Amino acid sequence: MKNFFRVLLVGLFLLGSKSAMADTLQFVFSDQPGYPFQFKVNGSNTITNLMCLDMDRRVTYNEKWNVDITGIPLDNSLTSTQYRADALIFSQLGGGYSNAELQYAAWSIFDMADVATTLSGTANAKTMSTVLTIDQLAWQRAQDQVLIKSGFFSAFSLYLPTTDTTGWTAGTPQRYIGAAAAAVTPEPGTIALMITGVLCMGCAVLYRRRFSDVMAGNLA
């Protein structure tokens, strides 16, 4: 019996570890080419609004893919600084800039050439000028060590596609940023299935132990 409970405890521990990881992102809606992009996380019916970081990638409605939900990195590498700049841009939603201006600014942190091409011409000159202003300010603040150590960036989460291409239908899904992610509870059916598997594994260990004892002549 001790082995059974050991297996059960280990299995439940692994189940808890798995539950703490948000695994899937499903794109459900966007009524404009920019923020907000609406998603379901791990099949939840709650809609999560995110900002896109990659203008040169494409996803399709109802496409679902695996993601790593992580905090904003605080080291001094180029990519980490870019993520912090995008977090700063995202933090300005509802402020003095339009959603479109902020979305283009977020895109241009990683895809400046694509944004410059899209906003070329006199009709978009004002928007492009605003985008460059936003980016310059974001870059400066993203390297501010006082801000980095203040805990400001803990208010945001990155949604980064994994290398597992399951569910991808239109190339590599974009990276997204949003408010700090709350723990997402798996669907009840998924939990029940996993618990059943853990119990079956424990029963198998118990049965094997009993069978071994019978073969050894240790049981009446």
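Laboratory data are not the source of any read-out in this text; all were calculated from the coordinates shown. Everything numeric here is computed off the predicted structure, so don't read it as measured data. Backbone-built Cβ (ideal geometry, glycine too); neighbour counts: all protein chains shown.
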Karplus (6.51, -1.76, 1.60) ³J(HN,Hα), θ = phi - 60°, over region 159-164, in Hz, Gly and Pro reported as x
10, 10, x, 7, 7, 6
Would you mind checking which residues have amide H under 5 Å from Val67's amide H? H placed 1.01 Å from N; only 5 or more apart, or other chain.
Thr24, Leu25, Thr162
Indicate the gyration tensor shape class of region 21-182 (rounded, prolate or oblate), computed on the Cα atoms with a ≥ b ≥ c the square roots of the eigenvalues: a/c under 1.5 is rounded; otherwise a/b larger than b/c is prolate and the rest oblate.
oblate
Enumerate the calculated ³J(HN,Hα) couplings along region 125-140 in order (Karplus 6.51 cos²θ - 1.76 cosθ + 1.60, θ = phi - 60°), each rounded to whole Hz, writing x wherever the residue is Gly or Pro.
4, 5, 4, 5, 4, 5, 4, 5, 5, 4, 4, 4, 5, 5, 4, 4
Loop-resident sites, region 127-180, for chymotrypsin sites (Phe, Trp or Tyr not before Pro), counting at most 16 other Cβ within 10 Å (DSSP)
Trp168
Please list, in order along region 41-56, the HN-Hα scalar couplings obtained from phi with the Karplus expression 6.51 cos²θ - 1.76 cosθ + 1.60 (θ = phi - 60°), rounded to whole Hz, x for Gly and Pro.
9, 6, x, 5, 7, 6, 7, 10, 8, 10, 9, 7, 10, 10, 6, 8
